[in-house]
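Encoded as structure tokens, the structure appears first; notes follow it.
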Amino acid sequence: MDLSVQVRNARLDAIETTIGTAPIMRLFTGSAPASTAAADSGTEIVAITLPSDWLAAAAGGSIALAGTWTGTAGASGTVGHFRVYDSGDTTCHMQGTVTATGGGGEVVLDVVAITSGQTVAISAFTITDGDA
């Protein structure tokens, strides 16, 4: 199946619409659970409340972070995965890998070995539509 860029962009823009404004991204040690419906796994290193408009408008079949995504670590460890919850922190809508720059994760940090109290800044987050 081949979809137009406009359809791919609309699918991507629906992510922010569905999850809503100011969602919470949690970074954990280890591998992600089997699905977004499963319980959290690993140790939570940091919870970041994302900006109200947290994704730029989709273009060319991809969508990327908007604004500044930072938080203060509440624990120490090596980050391995993320989960995104709605602003009420009740439903996990998305999860994926976290790597250091050049590692190929969906979320990119400058460094993944975090110390409690450290400011954690997400340097890249991009979703590319499956048909792009």
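What the table shows:
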quantity: Inter-part distance where segment 86-126 and segment 1-27 are each reduced to a Cα centre, Å; calculated: 18
quantity: Sorted peptide list for 104-117, 46-59, criterion being average Cβ within 10 angstrom, highest first; calculated: 46-59, 104-117
quantity: Bridge type composition, segment 66-132 - antiparallel percent by DSSP, nearest 5; calculated: 80
quantity: Between helix 5-19 and the chain: long-axis angle, C-alpha atoms, 0 to 90°, nearest 10; calculated: 40
quantity: Extension gain, Thr91 back to Ala10 (0.36 nm per residue minus Cα-Cα distance, nm); calculated: 26.9 nm
quantity: Share antiparallel - DSSP beta bridges, the chain, percent rounded to 5; calculated: 90
quantity: Net charge of Cβ neighbours under 12 Å - reference His81; Lys, Arg +1; Asp, Glu -1; calculated: -1
quantity: Solvent-accessible heavy-atom area per residue, rounded to whole Å², over the chain at 1.4 Å; calculated: 47
quantity: For the chain, size of Cβ-based charge dipole, Lys and Arg +1, Asp and Glu -1, in debye; calculated: 180
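The values are calculated or read from the model by the stated rules, or taken from the named source; none is laboratory data. Computed from a predicted model, the values in this text were never measured in an experiment. All Cβ positions, glycine included, derive from the backbone under ideal geometry; neighbour counts span all protein chains shown. The accessibility values were calculated without ligands, DNA or RNA, using every heavy atom of the protein model including side chains. Shrake-Rupley method; radii C 1.70, N 1.55, O 1.52, S 1.80 Å.
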